[in-house]
Amino acid sequence: MSQIPMKAFGIVGVVAMLGLNISVLAFFVLWKIADSTAIGHMETESSVDPGQMLPNSEMMWLAAHGSVLMLVVLDVLIIAGLVKMAGAPQRAASRNQNAYSASDRLV
């Protein structure tokens, strides 16, 4: 594959990952604000009113924290893959150089 499509693919991938990071973090922040506000309204000075809580708050908590966790895992895997890909040509070149030097010793 030529370099131009690979660079374009890399730019599109970076933009997509940035968009995914921004959208997941925005979801988490908005959920956190809504949850904190609901808890603040629920806990008045006189009593606790569970009717003020967000509906399905446990599932939303799992979704918000799970999405951030999966995003972190995906980012780590992508960064590890990029580091491995960047190091692969250097390692291949050093292996070829070592193979040539070993064959020179046999002669």
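The values are calculated or read from the model by the stated rules, or taken from the named source; none is laboratory data. This one's a predicted model, so the numbers in the text were calculated from it and none came from an experiment. Reconstructed Cβ throughout: ideal geometry from the backbone, glycine too, with neighbour counts over all protein chains shown. Ligands, DNA and RNA are stripped out before the accessible areas are found, and what is left, the full protein with its side chains, is counted by its heavy atoms. Shrake-Rupley method; radii C 1.70, N 1.55, O 1.52, S 1.80 Å.
Check segment 64-82 and report whether any residue there is modelled with pLDDT under 90 and more than 13 Å from the chain's Cα centre (by Cα). Within segment 64-82, one or more residues are modelled with pLDDT under 90 and more than 13 Å from the chain's Cα centre (by Cα).
Leu25 - would you say it is out of contact with any Cys (no Cβ under 9 Å at 6 or more places or on another chain), open to solvent by less than 100 Å² (accessible area, probe 1.4 Å) and outside any helix (DSSP H, G or I)? Explain how you work it out, then say what you get.
Values: out of contact with any Cys (no Cβ under 9 Å at 6 or more places or on another chain): yes; open to solvent by less than 100 Å² (accessible area, probe 1.4 Å): yes; outside any helix (DSSP H, G or I): no.
Against the criterion (out of contact with any Cys (no Cβ under 9 Å at 6 or more places or on another chain), open to solvent by less than 100 Å² (accessible area, probe 1.4 Å) and outside any helix (DSSP H, G or I)), Leu25 does not qualify.
Based on what the data block shows, is Leu77 within 26 Å of Gly13 (Cα to Cα), open to solvent by 60 Å² or more (accessible area, probe 1.4 Å) and among the aliphatic types (A, V, I, L, M)? Taking the combined requirement at face value, the residue satisfies it.
Quick check: is even one residue across segment 94-106 closer than 30 Å to Gly13 by Cβ, among the hydroxyl-bearing types (Ser, Thr, Tyr) and either open to solvent by 60 Å² or more (accessible area, probe 1.4 Å) or at pLDDT 80 or above (or both)?
No: segment 94-106 contains no residue that is closer than 30 Å to Gly13 by Cβ, among the hydroxyl-bearing types (Ser, Thr, Tyr) and either open to solvent by 60 Å² or more (accessible area, probe 1.4 Å) or at pLDDT 80 or above (or both).
Scanning segment 40-62 for residues that are at pLDDT below 85, surrounded by 14 or more Cβ atoms within 10 Å (Cβ to Cβ) and within 30 Å of Val73 (Cα to Cα) yields Leu54, Ser57.
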